[in-house]
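Structure first, commentary second.
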Amino acid sequence: MSKKWHQLEKLDHKALKKLQAEREKAAKQIQDAEEKKRRMVIGVAVLFGIVVLLIFVSVMRSRSASLARQEERAKMLFSRVSDFSGKVEHRNIGTWDKLTEKFEFDKEYTYKTAEESTITVQMQLDNQVKLFPLSEMTVMPPTLNETENKIEKEPVILRRGELTAAISLDGRGVLEIEVADVVVIGASGLFKVIYDEKKSSGEVVVKNGLVEVGKKRGGGRPVKVSGFYKVTFGEGEISTPTQASVIQYDWR
């Protein structure tokens with residue numbers, strides 16, 4: 001009988017050990033699963049952190065590049081009064097003020113000269129416009145390309161009188177002078193634009209280089225005027241280029 005009990009105890013001990021082993025195995029499997037889950041959570045969190053960091057860095061770089069682009073574009077809007085003599089008045093909006101010193105500006109400014117007075121404005125691309133006595137002109141900020149930091153146009157309006165324009169190497173084809181109902185584009189060289197507001201007529205005289213004179217509202221091809229030639233304009237018409245005696249004009 002005791003032998004039988006001993007055999008039963010031995011079987012119970014084996015069953016217990018087996019059950020304990022199975023429980024330990026199950027516990028280990030649960031522990032391994034939890035450890036795997038924990039590692040996955042940590043991995044996902046790390047990956048998420050890296051993605052957030054990369055997005056943040058990208059946004060900051062993009063923002064920095066955008067700010068740098070905006071700063072560069074803002075600088076490109078400036079022109080400057082490089083020289084003046086006599087009595088010159090200017091205004092942005094409102095009353096006229098006497099010009100007392102050279103300065104830079106990035107807004108629309110109108111200048112007018114008295115007798116024996118002149119003013120020279122140097123544009124962003126080094127094009128120069130000199131206004132002669134008893135004249136008036138408006139200089140506007142350059143027109144920039146929408147996607148590139150590039151100047152497409154440097155607009156000036158001659159309201160009356162006379163100006164001389166000198167085109168730089170970098171500013172070819174950019175300076176546009178609007179006068180009455182025509183637009184004068186300086187492709188290169190040195191030229192004059194003269195306008196008599198009382199007669200509503202004027203002329204464009206080219207000392208050297210090339211200029212295009214076209215109608216402001218379009219219609220017809222622009223007239224090309226080269227050195228030692230001139231055209232007249234008025235009443236919506238532009239004449240055929242004729243030879244000009246350039247020594248009769250003041251090119252200083």
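A straight chain from ARG23 to ASN149 at 0.36 nm per residue would run longer than the Cα-Cα distance by 38.1 nm.
Against the main long axis of the alpha-carbon atoms of the chain, helix 2-75 sits at an angle near 10°.
Under 28 Å of direct C-alpha separation, and excluding same-chain neighbours fewer than eight residues apart, LYS216 reaches these lysines: LYS107, LYS112, LYS130, LYS150, LYS153, LYS192, LYS198, LYS199, LYS207, LYS224, LYS230. Dividing the helix sum by the residues of the chain, where each DSSP H run of 4 or more adds -39500 (n - 2.57), gives a mean residue ellipticity at 222 nm of -11000 deg cm²/dmol. Would you work out which of VAL88, ASN149, VAL204 lies farthest towards the positive end of the dipole of the chain? Charges go on Cβ: Lys and Arg +1, Asp and Glu -1. The Cα lying farthest towards the positive end belongs to ASN149.
Spin-label model, GLU108/LEU169: points 7 Å from Cα along the beta carbon direction are separated by 3.5 nm. Ordering ALA27, SER188, GLY171 by the projection of their Cα atoms onto the charge dipole of the chain, which places +1 on the Cβ of Lys and Arg and -1 on the Cβ of Asp and Glu, puts ALA27 at the extreme positive end. Over the C-alpha trace of the chain, radius of gyration and Dmax come out as 40.1, 146 angstrom. In this Cβ point-charge picture (+1 for Lys and Arg, -1 for Asp and Glu), the chain has a dipole of about 2480 debye about its Cα centre. Ignoring lysines fewer than eight residues from LYS36 along the same chain, the ones with Cα atoms less than 28 angstrom from its Cα are LYS17, LYS18, LYS25, LYS28. Here the residues MET137, MET76, MET123, MET60, ranked from fewest to most Cβ neighbours within 10 Å of their Cβ, fall in the order MET60, MET76, MET123, MET137. Separation of segment 22-73 and segment 107-155 by C-alpha centroid, Å? Using only Cα atoms, the two centres lie 55 Å from each other.
Extension gain for ASN92-LEU134 works out to 13.2 nm (0.36 nm per residue, less the C-alpha to C-alpha distance).
No value in this document is a laboratory result; all are computed from the given coordinates. Worth saying up front: this structure is predicted, and the values here are computed from it rather than measured. Neighbour counts are summed over all protein chains in view; Cβ atoms, including those assigned to glycine, are modelled from backbone coordinates with ideal geometry.
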